[in-house]
Amino acid sequence: MQLPWNPLRRYLQRHPALKAGPSKRLMALLHALAPDLPALAIAGLLASFALNVVVQRCQGIAVPLDDAYIHFTYARAFARLEPFVYSPGAAPSAGATSLLWPLVLSPVEALTHSATAITWVAVCLGFFSLWGLSRETRLLATRLMHPTLARFTALLPLAFAANTWFAASGMEVLPFSLLLLHTCRKILDWLNEPGPSPLRAHGLIVLAALCVLTRPEGALMAVAVAVALSFKDGGFKDRSIAKVHALFTLSLILLPSVILFFFTGQWTPTTAQAKWLVLNPYFTRQTLPFMLENLRLFLSTLLNGQGWTPMFLPAGCAPIFWLAGLALTFRGLQKKYRYAVLLLLWLSCGVVLASSYQTFLVNRLRYIWPFITPWFLGLGIVADQFRATLSQRLPQRLSYLATGIGSALLIVCAGGLAGKVPQATQDLATSARAINDQQVWLAHWAKRELPSQAMLGINDAGALGYFSGHRTFDLVGLTTQGEARHWLAGAGSRFEPYEHLGRYSYGQGDLPDYFVVYPEWLGDDLLLGEQLIDRHVEASILGGQTMGVYRADYSALNSASQPSDLPLGQRIVDQLDVADLESEQAHGYALLTTGPDNNRIYRSGARADGGRSERTEERFTLNFGPNCSLVLRLHNDLPKKLELRIDASAPLPLQLPSDEGWSESRLVLPPAQCQGKHQLALSAPANGRFDALHYWSISSPNLRSE
């Protein structure tokens, strides 16, 4: 059966010589690929150079980011036909940054069950994508500049050291970059070629779906495709059909959420919950200023080869990139370039989306680099404008000199970028060695030394989840459902939910039997028992220098769930456990001015409780019963006096004990306020601060003020 749309058939129609004999077919194929063969050779040399350094440093193939192993583990889940089940027996979790990348790698995992094989496939796909990115850059550049300069502009993505680094990372960064640029080119084909068919529109819709499934920022391309489909009917018999296609494409933005909800019951990826400022309760009013600061940092520091980018960019190159951005923008003023420039500017807006991540600067800036190619095209336009200006002043017979000088400018730019490749490659190998020496080493140790039924609590989930063979509990929450919001909130909110999990039974309960963590990440070592081993490695790619393995110690759980003095006959009607997010939500607790650093674990002897520090005011609701009193657990620094308002009543003075550490105060309430739910407001005098831990409403037949 002949397919109605067959890319191979169309390619043969464009190159009829391929239907001839083998020798002519080979020559025709080489002729068709000739413009891209130099880029293919360069990509191959970069792969050989970078991977050789990694293999020598690590005594085998390795990846420099722990997140790569998260994708490999999800690929294993797909291969087991248990989608999104990160840890055997655990609930499905939406922890992969990319939905498509693990699916692409899953056949390798299904066929080989080999970490070496899946790593080699991932990095080979990365370097193949690097070649494809160069090819797409050339094809787009031919729409914007002289063909000769377009070929040299295509060298810039190859020369950019960050692309080599991430091609070898095992991550989806380079495939995503290629997919974005390819979609841009296909949109331009749709807009510029006469009489595009509905089948080509369907191809655009497929590309939009692939973009959003590869990374959330792919929504940019879904919007672009939707606009293109609505802008041009594309041969549809009814204009309304084109609009339906556009609306359907726009709805693809929700496709990842629909898939995640179907398999995991969650609409939002856990990576978004943990990293996206929009979902961070502490940044509700600060997201825009934070984004603007990140964008300022990108334009002034990162593009200048300073701070986080000296291994990728030459120092002082920011003005060149600014000039490239201006050149790209001004070229869009010419009508024949308008669509291409608008698309490239829209693609570069991916940096704006990335600036809304709390992790904007981590993992060697992997959220930024998929959107850097428009800047390289801008450099090509600068060289082309210089060529055009020079050729107007030269005799026509010498116009080739202008083209040569423009090409030389691009070669100089490519050389400046390529000069950073050795440094980036050394960092690549150092980072891969660090991951191997610390996290992969500890994963193999845990597999060998710890009981197979034990659960591991981890804060870097990739290598430990992939190599250890143990069930895992991700403290950060990327791969364990429901934990991300607690981790984001702060140390106290990480401690409190463990009290609710409660069912601790070695090898069978809900809580880890061992912790494999950077201790400083927890904010408190309360749950860490005996240390069994540690691994010290100094490398900037790691979350810490020393990762240790500890027995879990849960003796402090629920040690402070009740007031220290609760006489017989009195009962707790309601309680607000500050820093327990579920309890705060149920009681309408107002965060007001606070942050994760104010979310702490407090100790009093053998007892521990979560709380929030530096409070000037508290607002929440509590239920009360007959003969009621309010017990407040506060940390007793300053002030010694507070005021309590119940609903709209007059303030009730509250005198705090002078004990050090936390203290509990009891206030008997008027009978009229001892039934139902009431709004409480606790405030300190001017310039006063207090730490809030716990509030209880107590009911008893005989209460006395204390």
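Structure data summary
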{"read-out": "Selection count where residues are over 19 Å from LEU302 (Cα atoms), in a helix (DSSP H, G or I) and hydroxyl-bearing (Ser, Thr, Tyr), scope segment 131-175", "value": "4"}
{"read-out": "Residue list for segment 583-616, filter: open to solvent by 40 Å² or more (accessible area, probe 1.4 Å), more than 25 Å from the chain's Cα centre (by Cα) and not basic (Lys, Arg)", "value": "GLN585, ALA586, GLY588, LEU591, LEU592, THR593, SER604, GLY605, ALA606, GLU614, THR616"}
{"read-out": "Which listed residue, of SER87, SER93, SER98, is touching an Asp or Glu at 6+ places or on another chain (Cβ under 6 Å) and not in a helix (DSSP H, G or I)", "value": "SER98"}
{"read-out": "Number of positions in segment 314-354 that are open to solvent by 10 Å² or more (accessible area, probe 1.4 Å), among the small types (Gly, Ala, Ser) and closer than 21 Å to PHE298 by Cα", "value": "5"}
{"read-out": "Given (1) open to solvent by less than 10 Å² (accessible area, probe 1.4 Å); (2) under 17 Å from LEU100 (Cβ atoms); (3) at pLDDT below 95, number of the condition PRO196 does not satisfy", "value": "(2)"}
{"read-out": "Candidates THR359, THR403, filtered to the one that is at pLDDT below 95, within 22 Å of the chain's Cα centre (by Cα) and hydroxyl-bearing (Ser, Thr, Tyr)", "value": "THR359"}
{"read-out": "From the options LEU103, LEU81, residue that is of a type in the set (A, V, I, L, M, F, W, C), assigned to a helix (DSSP H, G or I) and either open to solvent by 30 Å² or more (accessible area, probe 1.4 Å) or out of contact with any helix residue (DSSP H, G or I) (no Cβ under 6 Å at 6 or more places or on another chain) (or both)", "value": "LEU103"}
{"read-out": "Scan of segment 415-455 for residues that are more than 24 Å from the chain's Cα centre (by Cα) and surrounded by 21 or more Cβ atoms within 10 Å (Cβ to Cβ), ordered by number", "value": "LEU417, LYS420, VAL421, LEU442, ALA446, MET455"}
{"read-out": "Residue tally, condition within 18 Å of ASP565 (Cβ to Cβ) and open to solvent by less than 40 Å² (accessible area, probe 1.4 Å), over segment 667-681", "value": "2"}
{"read-out": "Within segment 211-232, considering residues that are open to solvent by 30 Å² or more (accessible area, probe 1.4 Å) and closer than 17 Å to LEU343 by Cβ, the one modelled with the lowest pLDDT", "value": "LYS232"}
{"read-out": "Helices (runs of 4 or more DSSP H) contained entirely in segment 330-400, each with at least 2 residues that are over 30 Å from PRO281 (Cβ atoms)", "value": "338-348, 373-393"}
{"read-out": "Residue list for segment 596-605, restricted to those being over 12 Å from ALA692 (Cβ atoms), in contact with a helix residue (DSSP H, G or I) (Cβ under 8 Å, 6 or more places away or on another chain) and either in a strand (DSSP E or B) or without any contact (Cβ under 8 Å) to a residue 24 or more places away in the chain (or both)", "value": "ILE601"}
{"read-out": "Condition met for ALA388 (open to solvent by less than 10 Å² (accessible area, probe 1.4 Å) and farther than 26 Å from PHE231 by Cα)", "value": "no"}
{"read-out": "Only listed residue being touching a Lys or Arg at 6+ places or on another chain (Cβ under 8 Å), touching a residue at least 24 places away in the same chain (Cβ under 8 Å) and of a type in the set (Gly, Ala, Ser), chosen from ALA402, ALA340, ALA324", "value": "ALA340"}
{"read-out": "Residues that are farther than 26 Å from ALA686 by Cβ and hydrophobic (A, V, I, L, M, F, W, C), drawn from segment 580-621", "value": "LEU581, ALA586, ILE601, ALA606, ALA608"}
{"read-out": "Any hit, segment 643-666, residues being part of a strand (DSSP E or B), touching a residue at least 24 places away in the same chain (Cβ under 8 Å) and open to solvent by 80 Å² or more (accessible area, probe 1.4 Å)", "value": "yes"}
{"read-out": "Some residue of segment 234-257 being of a type in the set (Gly, Ala, Ser) and under 30 Å from GLY490 (Cα atoms)", "value": "yes"}
{"read-out": "Positions within segment 507-545 being in a strand (DSSP E or B) and either open to solvent by 40 Å² or more (accessible area, probe 1.4 Å) or in contact (Cβ under 8 Å) with a residue 40 or more places away in the chain (or both), in sequence order", "value": "TYR514, PHE515, VAL516, VAL517, GLU530, GLN531, LEU532, ILE533, ASP534, ARG535, HIS536"}
{"read-out": "Out of GLY305, GLY316, sole residue that is out of contact with any Lys or Arg (no Cβ under 9 Å at 6 or more places or on another chain) and either at pLDDT 95 or above or in a loop (DSSP other than H, G, I, E, B) (or both)", "value": "GLY316"}
{"read-out": "Residues that are open to solvent by 50 Å² or more (accessible area, probe 1.4 Å) and closer than 16 Å to PHE152 by Cβ, drawn from segment 391-405", "value": "TYR400, LEU401, ILE405"}
{"read-out": "Hey, TYR498 under 20 Å from ALA608 (Cβ atoms), open to solvent by less than 30 Å² (accessible area, probe 1.4 Å) and either part of a strand (DSSP E or B) or small (Gly, Ala, Ser) (or both) or not", "value": "no"}
{"read-out": "Verdict on SER493 being of a type in the set (S, T, N, Q) and under 22 Å from the mean Cα position of the chain (by Cα)", "value": "yes"}
{"read-out": "Residue ID - farthest from GLU584 (Cα to Cα), chosen from residues in segment 469-481 that are open to solvent by 30 Å² or more (accessible area, probe 1.4 Å) and part of a loop (DSSP other than H, G, I, E, B)", "value": "GLY469"}
{"read-out": "Neighbours by Cβ (under 6 Å, 6+ apart or cross-chain): first from segment 80-108, over 25 Å from SER452 (Cβ atoms); second among the β-branched types (Val, Ile, Thr)", "value": "ALA94/THR264; ALA94/THR270; THR97/THR271; SER98/THR214; LEU100/THR214; LEU105/ILE118; VAL108/ILE118; VAL108/VAL121"}
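Let's see how each residue does on (1) assigned to a strand (DSSP E or B); (2) small (Gly, Ala, Ser):
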site	(1), (2)
MET547	yes, no
ALA556	no, yes
GLY569	no, yes
GLN575	yes, no
GLU582	no, no
GLN585	no, no
ALA590	no, yes
THR594	no, no
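The values are calculated or read from the model by the stated rules, or taken from the named source; none is laboratory data. This structure is a prediction, so every number in the text was calculated from the model and none was measured. Every residue, glycine as well, gets a Cβ built from its backbone with ideal geometry; the counts of neighbours run over all protein chains shown. These accessible areas exclude ligands, DNA and RNA; they are computed on the full protein's heavy atoms, side chains included. Shrake-Rupley method; radii C 1.70, N 1.55, O 1.52, S 1.80 Å.
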